[in-house]
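The values are calculated or read from the model by the stated rules, or taken from the named source; none is laboratory data. Since we're looking at a predicted model, the values are computed, not measured. Backbone-built Cβ (ideal geometry, glycine too); neighbour counts: all protein chains shown. To get the accessible areas, we keep the full protein, side chains included, count just its heavy atoms, and leave off ligands, DNA and RNA. Shrake-Rupley method; radii C 1.70, N 1.55, O 1.52, S 1.80 Å.
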Amino acid sequence: MSIEDDVDAPIGTLEEQAADWIVRQDGTALDEAEQSAFSEWLAVSEHRREFDRQNAVWQRYRRMASLPIREEEPARAHPANRRTSRWRPAPSAIARRCAVPAIVAVLALAIIGSTENWPARLRADYSTGVGERRSIALPDGSVATLAAGSALRFDQSDGARVATLLSGAAQFRVAPDPHHPFRVETDEGSVTALGTVFTVEERSGEPEVIVLEHSVAVRTSSGAKAVVREGESTTFTAQSVARPVPSDALAATAWTRGKLIVSNRPLSEVVAQLGRQRRGYWTVRGEAANLRVNGVYDLDHPLDALAALEKTLSLKSIRISNMFIVVSR
């Protein structure tokens with residue numbers, strides 16, 4: 001009889017397999033079949049290295065935090081229908097498939113040491129932390145308002161004013177100076193002010209530009225160009241610029257007032273924006289990531305906003321305290 005006949009085989013990527021074995025062993029000894037399967041899996045040197053790396057981090061994290069894991073039904077569910085338990089091996093492969101992503105998220109976070117983008121912050125002249133919004137007077141007289149978790153570098157040289165958005169989002173109110181162009185640089189290209197007020201947000205290799213006054217010129221790293229006018233928005237990659245479309249300026253700048261206004265946005269994007277308001281790791285798994293969301297949410301109370309989303313969309317979440325949350329259908 002094969003191992004697979006006796007015990008569920010590890011699932012997913014190598015990271016998930018290692019996390020799966022940590023889940024099985026945490027607090028309870030493996031039975032004979034599981035121990036045999038684990039020994040066979042661990043005999044591969046690559047598996048051993050990944051398991052040792054994750055297990056060391058996980059044990060250190062548990063000693064420091066001693067946090068329980070909780071799986072919650074949607075906010076509208078009766079308390080009697082909620083399942084709450086201390087961390088223990090999942091009873092089936094299906095349950096483990098729910099728990100493993102949360103463990104992997106915790107391990108990844110512990111290895112990194114923080115949810116904040118420290119490499120970007122170390123390169124920045126100005127930055128904001130978790131849940132922080134900040135308006136900055138730049139040396140040229142312009143004003144940059146940074147969203148939570150943002151990092152910005154500013155340089156005046158060679159006849160130009162260059163703001164490099166290293167992470168997050170910023171609204172720019174540009175001081176007029178026709179002899180010294182104002183340009184925002186991203187990894188994918190640049191945005192040059194032809195007026196005064198616009199926002200730029202880094203979004204997974206596809207920055208979004210929203211123009212509130214006058215216009216801007218977008219140029220990608222590959223040389224593609226477009227002009228975005230007042231009341232329009234666009235996204236761009238290193239290769240191309242999307243056709244500008246009408247934009248709701250009130251919604252676009254809501255984050256500067258502590259609000260998140262979304263219209264037909266994917267849930268994964270909304271949860272990511274809410275997650276930047278707290279220390280920890282929030283994510284969406286599976287088909288729920290692509291659910292479209294409409295609504296107004298309070299950035300100063302992200303847990304309440306997440307609870308409203310869970311109730312409205314009939315979602316559930318796996319939690320290790322309120323710091324590590326994995327949302328799914």
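As a test question: what accessible area, to the nearest 10 Å², does His214 have when a 1.4 Å probe is rolled over all protein chains in place?
His214 exposes around 100 Å² with every protein chain in place.
Could you state the principal axis extents of the C-alpha atoms in region 178-329, from the largest down, to the nearest angstrom?
53, 30, 26
Counting only Cα atoms, I'd like the Rg/Rh figure for region 221-290, Kirkwood definition for Rh. Numbers along the way, then the final one.
Numbers: Rg = 14.9 Å, Rh = 14.4 Å.
Ratio of gyration radius to Kirkwood radius: 1.04.
Can you tell me the FRET efficiency between Arg265 and Val130 if r is taken as the Cβ-Cβ distance and R0 is 22 Å, rounded to the nearest 0.05? Don't skip to the end; give the middle numbers.
On the way: r = 21 Å, r/R0 = 0.96.
Efficiency, rounded to the nearest 0.05: 0.55.
In Å and whole numbers, how far do the C-alpha atoms of region 203-257 stretch along each principal axis, longest first?
The Cα atoms of region 203-257 stretch 35, 24, 14 Å along the principal axes, largest first.
Which of Gly159, Pro176, Ala144 sits closest to the plus end of the dipole of region 137-186, meaning its Cα is farthest towards the positive end, when Lys and Arg get +1 and Asp and Glu get -1 on the C-beta?
Of the listed residues, the answer is Ala144.
Report, for region 156-306, the % of DSSP beta bridges that are antiparallel, rounded to 5.
90 percent
How many nm separate the modelled label positions at Asp187 and Val227, each set 7 Å beyond the Cα in the direction of the Cβ?
Each label point lies 7 Å from its Cα, and together they span 3.1 nm.
Could you check the simple spin-label distance between Leu30 and His179, using points 7 Å along Cα→Cβ, in nm with one decimal?
7.3 nm
Please pull out the direction-averaged projected area of region 154-235, using the convex hull of its alpha-carbon atoms, in nm² to one decimal place.
Details: hull surface 19.6 nm².
It is 4.9 nm².
Roughly to the nearest percent, how much of the accessible area of region 200-315 is carbon and sulfur, given a 1.4 Å probe?
Working: 2650 of 5690 Å².
Summing carbon and sulfur atoms, their accessible area is 47 percent of the total for region 200-315.
Please give the per residue accessible area of region 160-319, computed with a probe of 1.4 Å over protein heavy atoms only, in Å².
On the way: 7220 Å² over 160 residues.
I get 45 Å² per residue for this part.
Can you figure out the FRET efficiency of Asn290 with Lys311, using R₀ = 25 Å and their beta-carbon distance, to the nearest 0.05? Could the numbers behind the result be given before it?
Working: r = 19 Å, r/R0 = 0.77.
For Asn290 and Lys311, the calculated efficiency is 0.85.
Quick one: dipole size for region 121-162, taken about the Cα centre, charges +1 on Lys/Arg Cβ and -1 on Asp/Glu Cβ, in debye to the nearest 20.
On the way: 6 positive and 5 negative charges, 39 e Å.
About 180 debye.
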